[in-house]
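Accompanying notes for the structure given below.
The values are calculated or read from the model by the stated rules, or taken from the named source; none is laboratory data. Predicted model only: the values in this text are computed from it and were never measured. Reconstructed Cβ throughout: ideal geometry from the backbone, glycine too, with neighbour counts over all protein chains shown. In case anyone asks, the SASA skips ligands and DNA or RNA and just uses the protein heavy atoms, side chains included. Shrake-Rupley method; radii C 1.70, N 1.55, O 1.52, S 1.80 Å.
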Amino acid sequence: MQIVTEQGEISKIQTDAICLGIFQGVRRPGGAAGAVDGALDGALSEILTDGDFSCKKGEVFWLRTHGKIGAKRVLLVGLGPAEKFSSDVVREVSAATVRAAKSLPELTTIAHGAGIGGLDSLTAAQATVEGALLGLYRFEKFKKPEEPIKLERLRIVEQSAEKLEQLERGAQHGRVIAESVALARDLANEPGQSLPPRELAQRAQQLAQELGLRCEVFDEKALEKLGMGGILSVGKGSDEPPRLIVLEYHPHSSPLPAWEREAAQPVVLIGKGITFDSGGISIKPREGLEAMKYDMSGAAAVIGAVRAVALLRLPMAVVGLIAAAENLPSGKALKPGDVIKISNDKTVEVTNTDAEGRLVLADALVYAQRYNPQAVIDLATLTGACTIALGKEAAGLFSNDETLLPKIQKAAQQSGERVWPLPLYEEYKEIIKSEIADIKNSANKGPQAGAAVGAIFLKEFVSYPWAHLDIAGVAYDVESRLYHAKGATGYGVRLLTQLLQHWQSEQ
Ligand code: BES
Ligand code: MN
Ligand code: ZN
């Protein structure tokens with residue numbers, strides 16, 4: 001879809017359709033909607049007063065204009081209550097408008113006004129573009145495509161010339177971010193069959209080539225040399241060998257010398273990349289097992305975020321690490337009771353082969369240390385327990401660093417990808433004490449803070465400012481946001497990009 005930003009008045013432009021957002025409770029619209037209302041002889045006020053349209057968030061209502069204004073149609077869209085307004089509402093409402101407009105036969109262009117609810121131009125344009133592109137996302141790799149989308153152009157119209165530059169920047173950021181989210185969704189939606197660790201590595205290499213990034217892939221031999229017993233033992237049961245994937249972005253020229261110094265110290269992003277999680281010998285029940293192809297959603301988010309960071313040319317170094325393996329049972333598989341050794345020589349008694357994410361992440365967390373990182377953030381569909389705690393409305397956030405934690409919370413607020421802090425109490429370590437190894441990988445003593453126990457296990461392998469995001473609940477099938485489709489959400493790309501975009505200024 002083509003996206004243009006332009007100077008003009010939404011009530012006057014010639015186009016197929018203009019979208020007007022209306023807050024709940026408004027009877028006589030003001031601003032641009034007020035001007036349209038006047039030109040249409042009070043048609044909007046009438047609809048709003050009579051209650052034909054209730055302005056619930058994302059609700060839409062079409063009107064014809066009979067040549068009274070430049071646009072052929074007006075699409076009223078509900079913004080919900082004014083006190084709950086945010087940039088994420090813009091994202092949702094923008095998705096609702098493109099979905100309403102996409103299949104009308106003669107409609108190829110819609111226009112939005114840029115002045116929404118007091119948001120700055122950059123934020124408004126970015127959210128509008130993200131919502132539109134994400135709202136139209138479909139995963140059709142293995143399917144006869146639905147009818148083609150007729151909508152070709154999105155215009156974002158602003159009266160004041162001074163705001164145009166920010167508007168254009170916002171639209172460009174929005175496109176880069178939305179396309180990176182779409183990449184993450186595509187990867188997570190793809191079945192384990194066609195995206196085993198080797199293929200995931202190839203996709204990362206291909207992306208690196210396109211963007212001029214450094215990419216290194218460690219195969220079984222290399223993993224052996226590095227002593228990465230976590231990744232290797234989880235991958236043992238499968239015919240598809242495991243991989244550690246390294247993606248490095250370096251800013252080519254930094255405008256400030258200070259950044260050049262910091263550029264040497266990257267932020268490292270780590271993604272859990274279990275391309276299919278059967279549970280291994282501790283096999284999972286059959287119901288819903290097909291969803292375990294999404295167990296590489298953390299990896300997908302990291303790949304998407306690195307893409308966005310590179311295309312936005314952020315002035316800092318960012319490294320993506322993906323621990324990729326397929327967790328299957330077989331005669332060669334890891335067994336409950338086995339003791340394995342992570343690359344920092346810590347031994348782990350594997351009491352449950354279905355707690356595999358923490359085993360592969362442990363090796364990646366140890367590897368991150370060699371970058372002397374400013375901070376490390378891992379994303380993982382780690383525990384069903386996190387979904388029990390928070391449902392699908394927030395990722396669980398754990399951190400050992402009191403400056404990193406609020407930074408992530410702020411980025412979450414701004415990106416609409418929610419996080420909720422959970423504790424890393426020392427006492428949880430008792431739960432993973434082992435009789436025969438340094439630690440064990442699961443409690444096996446009834447339900448006890450499962451998400452926190454996973455996090456406390458990871459913490460054993462960390463020696464820098466660190467945050468862990470448990471995205472088991474938010475990574476797929478989240479129906480509460482209008483810009484989501486069924487399947488993968490691409491959670492994390494927006495959050496991480498927002499965080500890294502403001503990394504310097506928020507120090
Ligand atoms: N990939 C799963 C977690 C998961 C479950 C993600 C449901 C998304 C939806 C993870 O590898 C796992 O199996 N975790 C176990 C941990 C337990 C054995 C300590 C779990 O949550 O049951
Ligand atoms: Mn598992
Ligand atoms: Zn898993």
Next on the checklist: If each residue of separation counts as 0.36 nm, what is the full-extension length gain between residue 162 and residue 369 once their alpha-carbon separation is subtracted?
Outcome noted: 70.0 nm
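If the limit is 31 Å between Cα atoms, which of 341/407; 335/410; 332/433 go over it? Present the calculation step by step, with values, prior to reporting the outcome.
On the way: 341/407 34 Å; 335/410 42 Å; 332/433 27 Å.
Checking Cα-Cα distances, 341/407; 335/410 exceed 31 Å.
Under a Cβ-Cβ cut-off of 15 Å, what is the net charge of the residues other than residue 169 that fall near it, where Lys and Arg count +1 and Asp and Glu count -1?
Details: positive: 163, 175, 313; negative: 6, 120, 130, 158, 162, 165, 168.
Combined, the nearby Lys, Arg, Asp and Glu give -4.
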Checklist entry - Could you sort 37, 354, 477 by accessible area so the largest value comes first, with the probe set to 1.4 Å? => result 477, 354, 37
Checklist entry - Principal axis lengths of the range 440-486 from Cα atoms, whole Å, largest first? => result 40, 31, 12
Checklist outcome for this item: Taking Cα pairs closer than 8 Å and at least 6 residues apart, the relative contact order of the range 327-369 in percent is 33 percent
Checklist outcome for this item: The distance between the Cα centres of the range 280-314 and the range 71-144, in whole Å, is 27 Å
Checklist entry - Whole number please: convex hull volume per residue of the Cα set in the range 2-177, in Å³? => result 109 Å³
Checklist outcome for this item: Restricted to pairs 8 or more residues apart or on different chains, the lysines in the range 2-177 with C-alpha atoms under 15 Å apart form a number of pairs equal to 5
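If I compute solvent accessible area with a 1.4 Å probe over the protein chains, what percent of it on the chain is carbon and sulfur? Provide the component values of the computation, followed by the final result.
Working: 10310 of 20910 Å².
That fraction is 49 percent.
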Item to check | Expected-Rg normalisation [2.2 N^0.38 Å, Cα atoms] applied to the range 380-492 | outcome: 1.12
Item to check | Given charges at beta-carbon only (K, R positive; D, E negative), |dipole| of the range 2-177 in Debye | outcome: 500 debye
Checklist entry - Averaged per residue, what accessible area in Å² does the chain show with a 1.4 Å probe, protein chains only? => result 41 Å²
Checklist entry - Fully extended, how many nm does the chain gain between residue 438 and residue 120 (0.36 nm per residue separation, minus their Cα-Cα distance)? => result 109.2 nm
Checklist entry - One-quarter of the Cα convex hull surface for the range 28-97, in nm²? => result 4.7 nm²
Checklist entry - Efficiency by 1/(1 + (r/R0)^6): what FRET value for residue 27 and residue 64, r their Cβ-Cβ distance, R0 = 25 Å, to the nearest 0.05? => result 0.70
Checklist entry - If you bin the C-alpha pair distances of the range 114-247 every 5 Å from 0, what whole percents do you get? => result 2, 9, 13, 14, 13, 12, 11, 9, 7, 5, 3, 1, 0
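Counting Lys +1, Arg +1, Asp -1, Glu -1, what net charge surrounds residue 431 among other residues with beta carbon under 12 Å of its beta carbon?
On the way: positive: 429, 433, 440, 445; negative: 426, 427, 430.
Once all neighbours under 12 Å are counted, the net charge is +1.
Where nothing but the Cβ of Lys and Arg (+1) and of Asp and Glu (-1) is charged, how large is the charge dipole of the chain around its Cα centre, in debye to the nearest 20?
Around 560 debye, computed over the chain.
Sorted by average packing, counted as other Cβ atoms within 10 angstrom per residue and highest first, what order do 40-51, 282-293, 66-77 take?
Values: 40-51: 15.5, 282-293: 13.3, 66-77: 18.6.
Packing proxy ranking, top to bottom: 66-77, 40-51, 282-293.
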Checklist entry - Which whole-angstrom value gives the distance between the alpha carbon centres of the range 204-242 and the range 440-468? => result 24 Å
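Relative contact order (percent) for the chain, with alpha-carbon contacts under 8 angstrom and 6 or more residues of separation?
Details: 1186 pairs, mean separation 74.1, N = 507.
Relative contact order for the chain comes out at 15 percent.
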Checklist outcome for this item: So, over other residues within a Cβ distance under 11 Å of residue 15, counting Lys, Arg +1 and Asp, Glu -1, the net charge is +3
Next on the checklist: Quick check on the chain: helices-only [θ] at 222 nm, where DSSP H runs of length 4 and up contribute -39,500 (n - 2.57) each and the sum goes over total residues. Nearest 500, please.
Outcome noted: -10500 deg cm²/dmol
Next on the checklist: I need the fraction of alpha carbon pairs in the chain separated by more than 45 Å, rounded to a whole percent.
Outcome noted: 18 percent
Checklist entry - Taking the mean number of other Cβ atoms within 10 Å as a proxy for protection, how do you rank 301-311, 20-30, 128-138 from highest to lowest? => result 301-311, 128-138, 20-30
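Using only the Cα atoms of the range 316-448, what semi-axes does the equivalent ellipsoid have when each is the square root of 5 times a gyration tensor eigenvalue? Give whole Å, largest first. If you can, show how the numbers build up before the last one.
Values: eigenvalues 147, 72, 47 Å².
After scaling each eigenvalue by five and taking roots: 27, 19, 15 Å.
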